[in-house]
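Note sheet for the following structure.
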Amino acid sequence: MTLRLHNTRTQQVEVFEPLNSEKVTLYTCGPTVYDYLHVGNWTAYIYWDILVRTLIASSYRVERVMNITDVGHLVSDADEGEDKLEKGARREGKTAWEIAEFYAEDFVAGMEKLGLLPPEHLVKATDFIDQQLDLVRILKDKGVTYQTTDGIYFDTAKFPSYAEFAHLDLAAQKAGARVEQNTQKRQPWDFALWKFTPAGENRDMQWPTPDDLLELPTGSAEIMGFPGWHLECSAMAMSILGPTIDIHTGGIDHIPVHHTNEIAQSEAASGQRFATVWLHNNHLKIDGTKVSKSLGNTYTLQQLEENGYSAMDLRLFVLQGQFQNEGNFTFDNLASAKNRLEKWRSYAVLRHQTHDRLDDDNQKNDAERGSISLLAASGALREALQDNLNTPEALRVIDQAFSSLDSCRLDDIHHHGLIEFIRAIDELLGLQLEQSTPDIDDDAKRLIIERQRARDAKDWQASDRLRDQLAKKKILINDTPHGSRWQWA
Ligand code: AMP
Ligand code: ZN
């Protein structure tokens, strides 16, 4: 089956066709590292991890860039207010550099816990200052920038299709523009490419503005400045991946401003389409409310762990929704994801309890046993994801395939099919079923055999004693009409 994805640019689900038939270039807007990420942020990165896994399963090689915004993201989208990094530095009595390093490391640690595949290029905005200045230079040479007292701006009037991507109603925006906004902007939605450090402000992160970028001669004094947030993404994407990338991802909050501006400055500079496909994840709410620091309802990965939940529980919770639908985080919802994952692990350990005989396996007729074919289920899983990353459907396929094992004798389960299926789940959904369900040791195996003998001899006392011994090893025994099975407690 071909891969189909919903493209925000065309507002349609389309068959995916990369520019280069083997390699897909992908850009993911990364986090601003001024604080811990919350479950909403992680939701975005979990979905883009599924995208990468689905591309790989569709036989593409993926080259992905993810930025780490460690400078220039202001608290207001209108190029006003403080830089989030500098604000974080004051909050914690550290430098912006220290804040960036600490939270970037925490982000990488969180990615590992969540089993997110590392991007080929995880790059910091502060390491791409020259590339960003080069981009400003190109735009200045093309005559689409202007200078104000506080920075160098992109003149959106020079990019006629500015409103197209997000279907913006600029007339309404103009009418609604607040009077106190930057009056030197030619249009209220023009945006800063490079901001000058305000007089009297002491910034940790700033760089000299090259003279040739300035319209007004400044005399001898150096004008210090820093990049605008939108510029970072365009400069990093184009300098690493080239002028046109196959897929660009981000949250729906990025459509009207951040991505609209990325498109304007990138396409004005290169004269080519910036990204072929744009994917946007919808937002996660918490208890039905917008996630917001001021409401105090943000949960970090650490806080979930303190409440007894793992990163994998969160991963499965997120996958229960499709990326374009709004999600709702509650601890009840997280608990049901945790239960579902535990149940799946109890099926995954059946691979240690079935026989490893290929000839035998091939004689097992799935249809006759009434169970669905595990090999077919692996294919169905991939097809669900290729259908616009339909993760809820993928999860349904897994539930159905696993529950069909309930009515099988262990001897009837297709051992290799089960192993393949678990690998497919891990490769496509990253749930780490294999590594979280090791085999039991020989001593425990012996206890299980003894217990079975005791049961056969109707020695219930001995059987209960052995069950307790196994429970101490965190091994639970389930006696089913089709025989006894063990699972990890
Ligand atoms: P930021 O660090 O603010 O740039 O956000 C990092 C990523 O998280 C961006 O791609 C946002 O679109 C995304 N994001 C922020 N809040 C949420 C949310 N509540 N649900 C899903 N994604 C979110
Ligand atoms: Zn971005």
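The values are calculated or read from the model by the stated rules, or taken from the named source; none is laboratory data. In this text, all values refer to a predicted model and were calculated from it rather than measured experimentally. Glycine gets a Cβ as well: all are built from the backbone with ideal geometry, and neighbour counts include every protein chain shown. Calculation scope for accessible area: heavy atoms of the full protein, side chains included, ligands and nucleic acids excluded. Shrake-Rupley method; radii C 1.70, N 1.55, O 1.52, S 1.80 Å.
Extent of the stretch 372-443 along each principal axis, from alpha carbon coordinates, in Å, largest to smallest?
47, 25, 17
With +1 on each Lys and Arg Cβ and -1 on each Asp and Glu Cβ, and nothing else charged, work out how big the dipole of the stretch 442-488 is about its Cα centre, in Debye to the nearest 20.
Using only the charged Cβ atoms, the result is roughly 100 debye.
Can you check what the net charge comes to around ILE240, using other residues whose Cβ is under 14 Å from the Cβ of ILE240 (Lys, Arg +1; Asp, Glu -1)?
Here the count lands on -4.
Using DSSP to define loop residues, name the GluC sites (Glu not before Pro) in the stretch 296-330 whose beta-carbon has at most 14 other beta-carbon atoms within 10 Å.
Counting only loop positions with at most 14 other Cβ atoms within 10 Å, the GluC sites (Glu not before Pro) in the stretch 296-330 are GLU326.
Under 17 Å from the Cα of LYS94, which aspartates and glutamates turn up, not counting those fewer than eight places away in the same chain?
Correct list for LYS94: ASP35, ASP70, GLU82, ASP83, GLU86, GLU105, ASP106, GLU201, ASP204.
If you average the C-alpha positions of the stretch 54-88 and of the stretch 288-355 separately, how far apart do those two centres end up, in angstrom?
Each part's Cα centre sits 24 Å from the other's.
With point charges of +1 on the Cβ of Lys and Arg and -1 on the Cβ of Asp and Glu, referenced to the Cα centre of the chain, which listed residue (GLY110, GLN435, ALA44) lies farthest in the positive direction of the dipole?
GLN435
If we count every other residue with Cβ under 11 angstrom of GLN131's Cβ, Lys/Arg +1 and Asp/Glu -1, where does the sum land?
Overall, the nearby charge balance is -3.
Positive end of the charge dipole of the chain (Lys, Arg +1 and Asp, Glu -1 on Cβ, about the Cα centre): tell me which of LEU301, SER346, MET224 has its Cα farthest that way.
Looking along the dipole axis, the top candidate is SER346.
Compute the convex hull volume of the Cα atoms of the chain, divide it by the residue count, and report the result per residue in Å³ as a whole number.
Enclosed volume per residue, from the Cα hull, is 167 Å³.
With the dipole of the chain worked out from charges on the C-beta (+1 for Lys and Arg, -1 for Asp and Glu) around the Cα centre, which of ALA457, PRO198, HIS280 lies farthest toward the positive end?
The listed residue farthest towards the positive side: ALA457.
So for the pair SER407, ALA335, with labels modelled 7 Å out along Cα→Cβ, what separation do we get in nm?
Between SER407 and ALA335, the label points sit 3.2 nm apart.
Once you have a ≥ b ≥ c as the square roots of the Cα gyration tensor eigenvalues for the stretch 1-156, tell me rounded if a/c is under 1.5, and otherwise prolate or oblate according to whether a/b is larger than b/c.
Cα axes put the stretch 1-156 in the oblate bin.
Convex hull over the alpha-carbon atoms of the stretch 4-281: what's its volume per residue in Å³?
So the per-residue Cα hull volume is 129 Å³.
For the chain, give the percent of accessible area contributed by carbon and sulfur heavy atoms, probe 1.4 Å, rounded to a whole number.
For the chain, the apolar C and S fraction of the accessible surface comes to 48 percent.
As an exercise, take the mean of 1/r over every pair of distinct alpha carbons in the stretch 1-55, invert it, and state the Kirkwood radius in angstroms.
Hydrodynamic radius (Kirkwood, Cα pairs) of the stretch 1-55 is 13.3 Å.
Find the relative contact order for the chain and round it to a whole percent, using C-alpha pairs within less than 8 Å whose residues are 6+ positions apart.
Once normalised by length, the contact order is 16 percent.
Would you kindly calculate the mean projected area, averaged across all directions, of the convex hull enclosing the Cα atoms of the stretch 225-319, in square nanometres?
8.8 nm²
Taking all protein chains together and a probe of 1.4 Å, list PHE102, PHE317 from the most accessible to the least accessible.
If we order PHE102, PHE317 from most to least accessible, we get PHE102, PHE317.
Please report the accessible area of LYS124 (heavy atoms, 1.4 Å probe, ligands and nucleic acids excluded) in Å², nearest 10.
Near enough 90 Å² of accessible area.
Charges only on Cβ, +1 for Lys and Arg, -1 for Asp and Glu: so what's the dipole of the chain about the Cα centre, in debye to the nearest 20?
Using only the charged Cβ atoms, the result is roughly 1160 debye.
What is the sum of charges, Lys and Arg at +1 and Asp and Glu at -1, for the other residues whose Cβ falls under 14 Å from the Cβ of GLU262?
Summing Lys and Arg as +1 and Asp and Glu as -1 gives -3.
What accessible area per residue, rounded to a whole number of Å², is obtained for the chain using a probe radius of 1.4 Å?
Using a 1.4 Å probe on heavy atoms only, each residue of the chain averages 45 Å².
Which semi-axes, in whole Å and largest first, does the equivalent ellipsoid of the stretch 103-160 have when worked out from the alpha carbon gyration tensor as the square roots of 5 times its eigenvalues?
Taking √(5λ) for each Cα gyration eigenvalue gives 35, 12, 11 Å.
How long are the semi-axes of the ellipsoid equivalent to the stretch 442-488, from square roots of 5 times the Cα gyration tensor eigenvalues, in whole Å, largest first?
15, 13, 9
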